[in-house]
Ligand code: NDP
């Protein structure tokens, strides 16, 4: 049996096994895909044990994406620039690392939500692992500029500096974001996980597409966006399915159909 998994902590909530089972069914592939809960200080041991058991690949979720980077022998450009890995392929003892988060977000925005990124002003809230993963694929779509605003300003300044060779990207503290509207706001903080809202000026949401990377429930950010005249509001379920599709293609060389999978998840999670 072809062995795959997602490793995280927590991992119980993960929809990845359901998504990959549906993709595998589309191409008649027989595979197992399980959830592995690794202790917070035990990612590397859990990953190595799974590899020793004959695994062909695995996804990595919160909080291990940066740690996973250190296991890799060969990186894609996405993984290299992100400094974080969410997909590992094992082939003849070599570990190949990819980061599909950004491709997943771009595919959701452009294909599922029919949004164009080219020429747009984008505000990203947060400067953690998810932001590291989405910056390059977003910049490759040639937005007018990307503002990265983070609670800890030094992190957004550093990220903006690291990615400046790929496009116009500027770092700020959250408190520096004034009420000037932008086209797209992406909440890439983990505040929604704690039921909190990053503190930014409400006026900035007016007329913007407001996208929370969190999925599975209405978040304070989504509520805030609706109350402050956002053009449209969405969660990150589409990104989840699209990043999984890219991971599936990385492993199996075939890109699965995503629309029906997203529709069925939407029906069960809403
Ligand atoms: P990290 O832990 O790496 O980063 C967390 C970020 O959130 C930091 O920038 C942190 O700021 C900020 N933050 C946390 N709490 C608050 C708060 N109360 N107010 C303001 N800022 C806050 O997390 P990730 O980047 O890995 O993940 C972020 C989110 O994206 C998670 O909800 C995750 O589930 C989601 N995600 C969704 C995906 C999808 O497919 N839909 C894929 C990947 C991630 P500071 O630096 O100051 O601590």
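Can you spot a residue in the stretch 62-71 that is part of a strand (DSSP E or B) and farther than 30 Å from residue 147 by Cβ? Checked against the condition, which is being part of a strand (DSSP E or B) and farther than 30 Å from residue 147 by Cβ, the stretch 62-71 yields no hits at all. Filtering the stretch 157-174 to residues that are without any contact (Cβ under 8 Å) to a residue 40 or more places away in the chain and closer than 14 Å to residue 122 by Cα leaves 160, 167, 168, 169, 170, 172.
Among strands (runs of 3 or more DSSP E) entirely within the stretch 142-242, having at least 2 residues that are under 15 Å from residue 117 (Cβ atoms) singles out 145-150, 184-187, 209-212, 232-234. Regarding residue 179, is this residue at pLDDT below 95 and more than 16 Å from the ligand (Cβ to nearest atom)? Judged against the criteria, residue 179 is a match. Residues that are assigned to a loop (DSSP other than H, G, I, E, B) and touching a helix residue (DSSP H, G or I) at 6+ places or on another chain (Cβ under 6 Å) were ranked within the stretch 72-91; the one that is surrounded by the fewest Cβ atoms within 10 Å (Cβ to Cβ) is 83.
Residue-wise test of (1) in the same structural domain as residue 254 (by TED's automatic domain parsing); (2) within 16 Å of the ligand (Cβ to nearest atom); (3) out of contact with any strand residue (DSSP E or B) (no Cβ under 7 Å at 6 or more places or on another chain); (4) over 16 Å from residue 87 (Cα atoms).
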site	(1), (2), (3), (4)
13	yes, yes, yes, yes
18	yes, yes, yes, yes
25	yes, no, yes, yes
44	yes, no, yes, no
52	yes, no, yes, yes
71	yes, no, no, no
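Per this entry, residue 268 is not counted among residues that are free of Cβ contacts under 8 Å to residues at least 24 places away in the same chain, surrounded by fewer than 20 Cβ atoms within 10 Å (Cβ to Cβ) and under 22 Å from residue 116 (Cβ atoms).
For the stretch 1-44, residues that are without any contact (Cβ under 8 Å) to a residue 24 or more places away in the chain and assigned to a strand (DSSP E or B) total 0. Would you mind stating whether residue 104 is part of a helix (DSSP H, G or I) and surrounded by 14 or more Cβ atoms within 10 Å (Cβ to Cβ)? Yes: the conditions hold for residue 104.
In the stretch 129-136, the count of residues that are over 17 Å from the mean Cα position of the chain (by Cα), assigned to a helix (DSSP H, G or I) and either touching a residue at least 40 places away in the same chain (Cβ under 8 Å) or closer than 19 Å to residue 84 by Cβ (or both) is zero. In the set 246, 229, only one residue is buried (at least 22 other Cβ atoms within 10 Å of the Cβ) and more than 10 Å from the ligand (Cβ to nearest atom); that residue is 246.
The values are calculated or read from the model by the stated rules, or taken from the named source; none is laboratory data. Not measured: the values here are computed from a predicted model. Quick reminder, even Gly has a Cβ in these numbers, built from the backbone with ideal geometry, and neighbours come from all protein chains shown.
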